[in-house]
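Novice: Take this structure first; my questions come after.
The values are calculated or read from the model by the stated rules, or taken from the named source; none is laboratory data. For clarity, every value in this text was computed on a predicted model and none was experimentally measured. Glycine also receives a Cβ, built like all others from the backbone with ideal geometry; neighbour counts cover every protein chain displayed. These area figures cover heavy atoms from the full protein model, side chains too; ligands, DNA and RNA do not enter into them. Shrake-Rupley method; radii C 1.70, N 1.55, O 1.52, S 1.80 Å.
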Amino acid sequence: MVCETWNDKLDAYLDGELPAGEERALGEHLQGCAACAAESLSRVQLKRAVHDAGQRFTPDPAFRARIQKNIVAKQPAHWSRFWLPVLATAMVLLIAGAITLRVNSVRRGEQQLVSELADLHVATLASSNPVDVVSTERHTVKPWFAGKIPFTFNLPELKDSPFVLMGAKVSYLNQSPGAELIFSVRQHRISVFIFQERALGSLRADDAARSGLSFNVRSWSHDGLQYFVIGDASAQDLDKLSELLKAAA
Amino acid sequence: MTAAWFTLVCVSEESLLSGSFEQLAMPHFERLYNFACWLTHDRQEAEDLVQETYAKALKGFSSFQQGTNFRAWIYKILRNAFLTSRTGLKVTATVPLDLEGDEENLPKIRETPESILLQRSDRELVQKALEQLPVAYREVLLLCEVEEMSYQEISATLSIPMGTVMSRLSRARRALRTSVQTAQVQKMQGA
């Protein structure tokens, strides 16, 4: 008969799960107790028998190969899952780069346009004949352009303003004819350029206030025409003249 | 730049993980298959179970905590897959998984240690006895004796407390001994 004290602990002892103190004590007990030793032997035999009998089924090598292949095959999916953020990041960077390039391109186009207009403005002021039609009368200047440019425009009434119309001339930008009107405000000269939008091509200009080469520039589009106001007058003066022109258009 | 660097770090870590999955999982393949066969009693079903286990383990490998017990983790996946399989559901519907307190259904053991001194030829007899055990007893015995898992590993694999592991093992052994004894007696009488 197995000792009651140790009966419940025999399995844990044989499984190597008994605390060190109890393991030692039970080991000593087994040396002196034939019944517990016989029971222990019986259980060990059963453990061994189950260990041997339990290792019964062996998989087909082809099945193993199939599982291994599946793991390897799924790794590209795994790979793509984790490379997706990389690709997404790369795409974002590319798009950001493209936007930056586009913005830079637009900025370059605008700078080029301001530069061209400044050249025209300076060339006009430097000329001994700055205007082809000398007149302060808008009803003289506007008809003068008839047949010279492929569009028409309205000029504002300047009677109650500080601006004086000095005259006008045909100007060219991007090989297209347009109107250049010269205004004066105090000692400053202001050029107003009017071109067809379609004639500007890559020389784009949005409605904006900008400055370049020490000149203030205002631009807007209306009814297929692009207006540019450029001069060394103050920004406020350019804004006032722009408002008058917009109102007249 | 920071986002790209972070992503690259994540990628290299995950690549490392996916690479190590095969190294960690494949050494258990034969034993998992053996365990699956014992659970299902059907080789084809065992193959399906193992295949499902590896697919689930690979998919959830990122959630596996490195440094913890991979063997217990993958055995747990296999066991859960079995419990939700057609055979598993059928087995658990007819035989409760939790057999604790089911003393009445356990056969009484005759205290005659000599009667279960086993011979090599008794291997088949033990196998049959194992087959006939309720799945809850069979799995705990196999994990302990065949897989040589510690009580703690068995506890993690079966999601049961350590005390339950010990009591279930004890009952499983008693049930097996009785079954083997009965078979031995029948064998002797037949001879």
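Novice: Using only Cα atoms and rounding to the nearest 10 degrees, what angle (0 to 90) does helix A:34-54 make with the longest principal axis of chain A?
Specialist: Long axis of A:34-54 versus the principal axis of chain A: about 40 degrees.
Novice: Accessible area lost on pairing A with B, both sides, 1.4 Å probe, Å² to nearest 100?
Specialist: On the way: alone 15840 and 11740 Å², together 23230 Å².
Buried area between the two chains comes out at roughly 4400 Å².
Novice: Which of the cysteines in chain A are isolated, no other cysteine C-beta under 4.7 Å?
Specialist: Those would be A:CYS3, since no other cysteine Cβ in chain A comes under 4.7 Å of theirs.
Novice: What distance in nm separates the two pseudo spin-label positions at A:ALA25 and A:LEU41, each 7 Å out from Cα along the beta-carbon direction?
Specialist: Label-label distance for A:ALA25 and A:LEU41, simple model: 2.6 nm.
Novice: Within the stretch A:156-178, list the residues whose amide N lies under 17 Å from a label point set 7 Å along Cα→Cβ of A:ARG198.
Specialist: A:173-178
Novice: For the full complex of protein chains and a 1.4 angstrom probe, list B:ARG43, B:ARG71 by accessible area with the highest value first. Intermediate values should be presented prior to the final figure.
Specialist: Working: B:ARG43 115, B:ARG71 50 Å².
Putting B:ARG43, B:ARG71 in descending order of accessible area: B:ARG43, B:ARG71.
Novice: If you don't mind, another one. In what sequence, largest accessible area first, do A:LYS169, B:LYS187 appear using a 1.4 Å probe?
Specialist: Numbers: A:LYS169 40, B:LYS187 100 Å².
Largest accessible area first, the list is B:LYS187, A:LYS169.
Novice: Tell me, in nm to one decimal, what length is gained between B:GLU22 and B:ASP48 on full extension, where the rule is 0.36 nm per residue of separation less the Cα-Cα distance?
Specialist: On the way: separation 26, 0.36 × 26 = 9.36 nm, distance 1.85 nm.
Working it through step by step, the gained length comes to 7.5 nm.
Novice: May I pose another question? Assuming 0.36 nm per residue, please report the length gained on full extension of the stretch A:LYS246 to A:ASN154 beyond their Cα-Cα distance. Could the numbers behind the result be given before it?
Specialist: On the way: separation 92, 0.36 × 92 = 33.12 nm, distance 0.93 nm.
Difference between extended and current length: 32.2 nm.
Novice: Considering Cα pairs under 8 angstrom that are at least six residues apart, work out the relative contact order of chain A and quote it in whole percent. Present the calculation step by step, with values, prior to reporting the outcome.
Specialist: On the way: 282 pairs, mean separation 31.4, N = 249.
Result for chain A is 13 percent.
Novice: I need the shape label for the stretch A:4-49. Rule: rounded when a/c is under 1.5, else prolate if a/b > b/c, else oblate, with a, b, c from the alpha carbon gyration tensor. Each step should come with its number before you reach the end.
Specialist: Values: a/c = 1.88, a/b = 1.18, b/c = 1.59.
Since a/c reaches 1.5 but b/c is at least a/b, the shape of the stretch A:4-49 is classed as oblate.
Novice: Using a 1.4 Å probe and counting only protein heavy atoms, arrange A:GLU110, A:GLU4, A:GLU180 so the residue with the most accessible area comes first.
Specialist: Values: A:GLU110 35, A:GLU4 140, A:GLU180 0 Å².
Ranked from most to least accessible, the order is A:GLU4, A:GLU110, A:GLU180.
Novice: Show me, for the stretch A:237-248, the HN-Hα J-couplings you get by feeding each phi into the Karplus relation (A = 6.51, B = -1.76, C = 1.60, θ = phi - 60°), rounded to Hz, glycine and proline as x.
Specialist: With coefficients 6.51, -1.76 and 1.60, one gets 4, 5, 5, 5, 5, 4, 4, 4, 5, 5, 5, 6 Hz.
Novice: Could you work out how far apart the two model spin labels at B:SER62 and A:THR5 are, taking each label as a point 7 Å from the Cα in the direction of the beta carbon, and quote it in nm?
Specialist: Label-label distance for B:SER62 and A:THR5, simple model: 5.8 nm.
Novice: Distance check, please: which entries in B:LYS90/B:LYS128; B:LYS76/B:LYS128; B:LYS59/B:LYS128; A:LYS9/B:LYS90 exceed 27 angstrom between their Cα atoms?
Specialist: Details: B:LYS90/B:LYS128 20 Å; B:LYS76/B:LYS128 25 Å; B:LYS59/B:LYS128 36 Å; A:LYS9/B:LYS90 35 Å.
From B:LYS90/B:LYS128; B:LYS76/B:LYS128; B:LYS59/B:LYS128; A:LYS9/B:LYS90, over 27 Å: B:LYS59/B:LYS128; A:LYS9/B:LYS90.
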